[in-house]
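Worksheet for the structure shown next.
The values are calculated or read from the model by the stated rules, or taken from the named source; none is laboratory data. All figures in this text were calculated on a predicted structure; none of them were measured in a lab. Here the Cβ is made from the backbone with ideal geometry for all residues, glycine too, and neighbour counts use every protein chain on show.
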Amino acid sequence: MRGLHYAFRILRRWAALTILLAGGLFLAAGTTRITLLRVYVAVFSVLLLVTMLTVSPELARERAHPSEVGADSRARFASGLLFLATVGAAAVDVGRLHQSDSVPFELSIGALTLFAVSLGLQAWAMVVNPFFSPAIRIQSERGHCVVTRGPYRFLRHPGYLAMLLAIPASALAIGSWLALIPATGFCFVIVRRARREDEFLKWNLAGYMDYTERVRGGLCPSFSAVQATAAGLVGLALLVAGFVYTASTNSTADVTLSPSPFDERRAFEDLRQFTELGPRFPGSDMHDWAYLLIHLSLLGAGVDVHNVSFDGFEASTPVGKIQMTNVVAKIQAAQPDTIILGGHYDTKRLKMRFVGANDGGSSTAFLIEMAHVLAHRRNRFTYWVVLFDGEEALETWSVWDGLYGSRHFVQSLTADQRKKMRAMINVDMIGDRHLHIHRETHSDPQLSNLIFSEAQDLDYGRYFLERPLSVDDDHMPFVHAGIPAVDLISLDYGPLNLYWHTPLDTVGKCSPISLGIVGGVLLGALDDLESGRAAKPALASLMVQ
Ligand SMILES: [Zn+2]
């Protein structure tokens, strides 16, 4: 009965801690829908339960209520606070701020594994060390002696090492770089505390001095020079393997495209041509050539000359007032219901020479080819192909700096035009040879479903990933205006995102096959919308009103 009673108490305590942590983190994030956060909470909670159940009741009592405060209790408080700051900041970053939530998925999974292994190490240390107290003190009432078993054979402070690994890993497992700042503070406090504890035990615990002679490693296991070199080499090999792996995942090179009217070769020629113009940010030399070339290309694609127009405006930017110009091609149909296909043609203004083959070039080329296909067939819906200017921030991304063209476009719509907008589909960075389009979380779920299920049907499912990702892009002004919109973006670009907004964003990093995959999927989805095949109850609202 006593055992049962104890287990019940443990479970109650565990449930309370789990609810507090989960509630706090989801509240900080402002949503429960972030997969990595959910997985982190689940892993944390399971390992917490395992630890609580394996630790002896005596130690559990000591840990809950140490009979003395012990030396350095301030550090204990500080480390607890910094742990909360780390996971809290990570949750706020991935859920609300999106300031640094660009941790690659593979790295998050690696960090989560490291987190789990570290907590495992901590549990192991707690099981073999009955004196694993949060207070630095000699537990003479419990016969305190030196523990040399388990992980204590290799290092003197396995518990602190576990924490040094687990807390920074938490930041990355949840997906935030920013949270590494409090995590670094945490590590600093722990290293100081470990040193302090070592000194304390040397002078106060019989046999500890001898033990420090035998086990030389305090926070990191002591190895011979050969062992250390071998470990270093293995680490390096893993790093290189990881780099090569991210560089080679989701390559579209070996794909045979399903037949589609979308001509990926012609689109790729356009991508090359626009990239060759060089930097095309608003105010640059080639910017005006870019939109004139778009105009000519749309006419060449077969759009009626009366239906291609410039939508010029003056934007207030952090670098002053700048003239910007969207290009709009209207492909009329009998029905006034309108679908907007959009994307940006400007490139990011950088000090380095940035030509944006993928970021700017791919969306431009893709939309011109879509206009070509749509202008050469009878459509049920009216299509507006819109090439936005000023998607990129002129300085630093914010609500005021970025999305100039799409914000202006949506503001200028008349009430009557808005009523006819059935859907907006935005494309960005879809030329990447390694295509990973995630479900963008601000996007209309029904529209996403339609496109993602089309990708499955065409056997391109491995390029359209279910993992949610939130991105601010040219679809956002439409989302805010209540128009169903979706963003198709392959955001991770190159190993460790090395090609994004750098001079490495060149034609060689792009592939016609990637454009062809997205083109095939989009045309398939539009066919479903046009033919009414997609008019299941969920999509009825997109079809007729
Ligand atoms: Zn960009």
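For (1) away from the ligand (no atom under 16 Å from the Cβ); (2) touching an Asp or Glu at 6+ places or on another chain (Cβ under 6 Å), each residue gets a yes or a no:
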site: ALA329; (1), (2): yes, no
site: PRO336; (1), (2): yes, no
site: ARG353; (1), (2): no, no
site: ALA365; (1), (2): no, yes
site: VAL373; (1), (2): yes, no
site: PHE381; (1), (2): yes, yes
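Going through the range 338-351 one residue at a time, which ones are crowded, with 24+ Cβ neighbours inside 10 Å and within 16 Å of the ligand (Cβ to nearest atom)? GLY342, GLY343, HIS344, TYR345, ASP346, THR347, listed by residue number. Of the candidates GLY80, GLY120, the single residue that is without any contact (Cβ under 8 Å) to a residue 24 or more places away in the chain, within 38 Å of the chain's Cα centre (by Cα) and surrounded by fewer than 18 Cβ atoms within 10 Å (Cβ to Cβ) is GLY80. If I ask for residues that are at pLDDT below 95 and touching a strand residue (DSSP E or B) at 6+ places or on another chain (Cβ under 6 Å), which ones from the range 254-296 would you list? Hit for the range 254-296 is GLY283, nothing else. For the range 383-402, the set of residues classified as aromatic (Phe, Trp, Tyr) and within 16 Å of the ligand (Cβ to nearest atom) consists of PHE388, TRP397, listed by residue number. Being in contact with a strand residue (DSSP E or B) (Cβ under 9 Å, 6 or more places away or on another chain), free of Cβ contacts under 8 Å to residues at least 24 places away in the same chain and assigned to a strand (DSSP E or B), is that true of even one residue in the range 319-329? Yes, the range 319-329 has at least one match.
One line per residue, one yes/no per condition, for (1) within 16 Å of the ligand (Cβ to nearest atom); (2) surrounded by fewer than 21 Cβ atoms within 10 Å (Cβ to Cβ); (3) in contact (Cβ under 8 Å) with a residue 60 or more places away in the chain; (4) in the same structural domain as ILE517 (by TED's automatic domain parsing):
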{"site": "PHE409", "(1), (2), (3), (4)": "no, no, yes, yes"}
{"site": "LEU413", "(1), (2), (3), (4)": "no, yes, yes, yes"}
{"site": "ARG418", "(1), (2), (3), (4)": "no, yes, yes, yes"}
{"site": "ILE437", "(1), (2), (3), (4)": "yes, no, yes, yes"}
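Cβ-Cβ distances below 8 Å connect the following pairs, each with a first residue in the range 166-186 that is under 10 Å from ALA85 (Cα atoms), a second residue that is charged (D, E, K, R), and a separation of six or more residues or different chains: ALA179/ASP93.
Residues that are closer than 25 Å to ARG439 by Cα, over 13 Å from the mean Cα position of the chain (by Cα) and surrounded by 15 or more Cβ atoms within 10 Å (Cβ to Cβ) within the range 83-117 comprise VAL87, GLY88, ALA89, VAL92, GLY110, ALA111, LEU112, listed in sequence order. Go through the range 414-510 and tell me which strands (runs of 3 or more DSSP E), entirely inside it, have 3 or more residues that are out of contact with any His (no Cβ under 7 Å at 6 or more places or on another chain). In the range 414-510, the matching strands (runs of 3 or more DSSP E) lie at 421-428, 437-440.
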